[in-house]
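A.B. asks: I have a structure I would like to understand better, so I am pasting it below and will then ask my questions one at a time.
None of the figures in this text is laboratory data; all of them are computed from the coordinates on show. Just so we're clear, the structure is a prediction, and the values are computed from it rather than from any experiment. Cβ atoms come from the backbone with ideal geometry, glycine included; neighbour counts cover every protein chain shown.
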Amino acid sequence: MEFVKVLKISRYLDPSHNFTETEWHSEIRYDPLTGHSTRILDFPIREVKKADISAVVESSQKFCPFCPEVIELVTPKFHPDLVDQERYAKGEALCVPNAFPYDENGAVTVMTRSHYLGLSEFTPENISNALSCCVSYLQDVYRRQKDMIYQSVNWNYMPLAGGSIIHPHLQIMASSSPTNYYVDLLSSLDRYRQATERDFWPDLVQEEHRLAERLISRTEEMTWLVAFAPMGIFDVIGVLNHVRYPWELAGQTLDQLAEGIVSVMRYIDSLNMSSLNMSLYFLLDNGLFTPHVRICPRVSIPPYDTSQINYMWMLHRETLTIVKPEEACVSIRSVWENTHMTGDPSSTP
Ligand SMILES: [Zn+2]
């Protein structure tokens, strides 16, 4: 497995230094599986100011379809031809059909009774209950629709990350049509197997463990690491070492997944960032694919709230970041150790 970096130097005559020569350094990194490239720029990191979202939270509360007073009245119920239950509930979480689906099987899991929680206010219990609802739904879909093998649980947290409703909710897809992510991964996994007669995911875990530059934590159930060639500002990957089907997410594995997600959210919050995208990917009946989660924070760039997504991603499909994955990993580890070693009182039922 290769972690390929190409170093680039750009030169110009700098007006702020009497037009003497100045150099800017950047790296192009290639994903060890897909070969997709990411650019890591050596720009100074500007401190992000915490966004004031109180006005958005307040105005969105005037009518919210996911608040407990109305959710049972205004959200749809699942069609009895498709799944066994009208809705799926656990703790505060409730899974209902997505009223605006992207595919034939779309659902949302409303995660909390609270209309708004800041990133650091979610507990592992909030996350594990919500994921439990999602996987019960996915299991039921698969019982009656065996071709719905591309299953994922996704999160656009807050409008900056594409969330159109403030009230915390996950979006679930179960489809017979892969997204481009699956297509790219599958052809790359197949190529890796043919070239090495080995599986990529266990090799990745082993190699990241050996290098110890981007590994956050490793247990029997889960491995957490920072992606070498990130899909966002930074990109935390949690690999579910032994899970094959969504409904195998239970017990220790589910607890570790929920605690890990909460730790990443606390780290993002500690950077004054308030938004993220998350996807938890499954591919059923395919031995090459190991289920995994990816979490990337989202920001806008001061002073004009400029979108972080410009032509490079929209039209060239190239990620730009100024954060070195190895440096992000050191900082995440310190938050991780606090949460996981001292224990989090709020996670105790
Ligand atoms: Zn609400």
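A.B. asks: For the range 177-200: of the residues being small (Gly, Ala, Ser) and in contact (Cβ under 8 Å) with a residue 60 or more places away in the chain, which is nearest to Val96 (Cα to Cα)?
C.D. replies: Ser177
A.B. asks: Among (1) in a loop (DSSP other than H, G, I, E, B); (2) touching a residue at least 24 places away in the same chain (Cβ under 8 Å); (3) within 16 Å of the ligand (Cβ to nearest atom), where does Val96 come up short?
C.D. replies: Of the numbered conditions (1) in a loop (DSSP other than H, G, I, E, B); (2) touching a residue at least 24 places away in the same chain (Cβ under 8 Å); (3) within 16 Å of the ligand (Cβ to nearest atom), the odd one out for Val96 is (1).
A.B. asks: While we're on this one: Please state which one of Leu41, Leu73, Leu33, Leu13 is loosely packed, with under 11 Cβ neighbours inside 10 Å and either farther than 26 Å from His167 by Cβ or among the β-branched types (Val, Ile, Thr) (or both). I'd like the intermediate steps shown before the answer.
C.D. replies: Working: Leu41 fails: loosely packed, with under 11 Cβ neighbours inside 10 Å; Leu73 fails: either farther than 26 Å from His167 by Cβ or among the β-branched types (Val, Ile, Thr) (or both); Leu33 fails: loosely packed, with under 11 Cβ neighbours inside 10 Å.
Just a single option satisfies the conditions, and that option is Leu13.
A.B. asks: Of all residues in the range 50-88 being within 16 Å of the ligand (Cβ to nearest atom), under 25 Å from the mean Cα position of the chain (by Cα) and part of a loop (DSSP other than H, G, I, E, B), which is nearest to Asp269 (Cα to Cα)?
C.D. replies: If we take residues in the range 50-88 being within 16 Å of the ligand (Cβ to nearest atom), under 25 Å from the mean Cα position of the chain (by Cα) and part of a loop (DSSP other than H, G, I, E, B), then Ile53 is nearest to Asp269 (Cα to Cα).
A.B. asks: While we're on this one: Return the residue satisfying two criteria in turn: it lies in the range 261-272 and is of a type in the set (A, V, I, L, M, F, W, C) and buried (at least 21 other Cβ atoms within 10 Å of the Cβ), and of such residues it is farthest from Met148 (Cα to Cα).
C.D. replies: Ile268
A.B. asks: Continuing with the same structure: Limited to the range 114-133, what total is found for residues that are over 20 Å from Gln85 (Cβ atoms) and not β-branched (Val, Ile, Thr)? So that I can check it myself, show each step before the final result.
C.D. replies: If we filter the range 114-133 for residues that are over 20 Å from Gln85 (Cβ atoms), which is where we start, we get 114-127.
The next check asks that each one be not β-branched (Val, Ile, Thr); those that pass are 114-122, 124-126.
So the answer is 12.
A.B. asks: Restricting to the range 112-131, count the residues that are away from the ligand (no atom under 14 Å from the Cβ) and touching a strand residue (DSSP E or B) at 6+ places or on another chain (Cβ under 8 Å).
C.D. replies: If we filter the range 112-131 for residues that are away from the ligand (no atom under 14 Å from the Cβ), which is where we start, we get 118-131.
Then drop every residue that is not touching a strand residue (DSSP E or B) at 6+ places or on another chain (Cβ under 8 Å), which leaves 119, 126, 129-131.
Final tally of qualifying residues: 5.
A.B. asks: List the number of the failed condition for Ile237; all other conditions in (1) under 21 Å from the mean Cα position of the chain (by Cα); (2) assigned to a helix (DSSP H, G or I) hold.
C.D. replies: Answer for Ile237: the failing condition is (2).
A.B. asks: Out of the residues in the range 100-111 meeting the condition of being in a loop (DSSP other than H, G, I, E, B) and more than 15 Å from the ligand (Cβ to nearest atom), tell me which one is surrounded by the fewest Cβ atoms within 10 Å (Cβ to Cβ).
C.D. replies: Looking only at the range 100-111, we keep the residues that are in a loop (DSSP other than H, G, I, E, B), and these are 100-104, 111.
Next, only the ones that are more than 15 Å from the ligand (Cβ to nearest atom) stay: 100-104.
Numbers: Phe100: 8, Pro101: 15, Tyr102: 12, Asp103: 14, Glu104: 14.
Going through the qualifying residues, I end up with Phe100.
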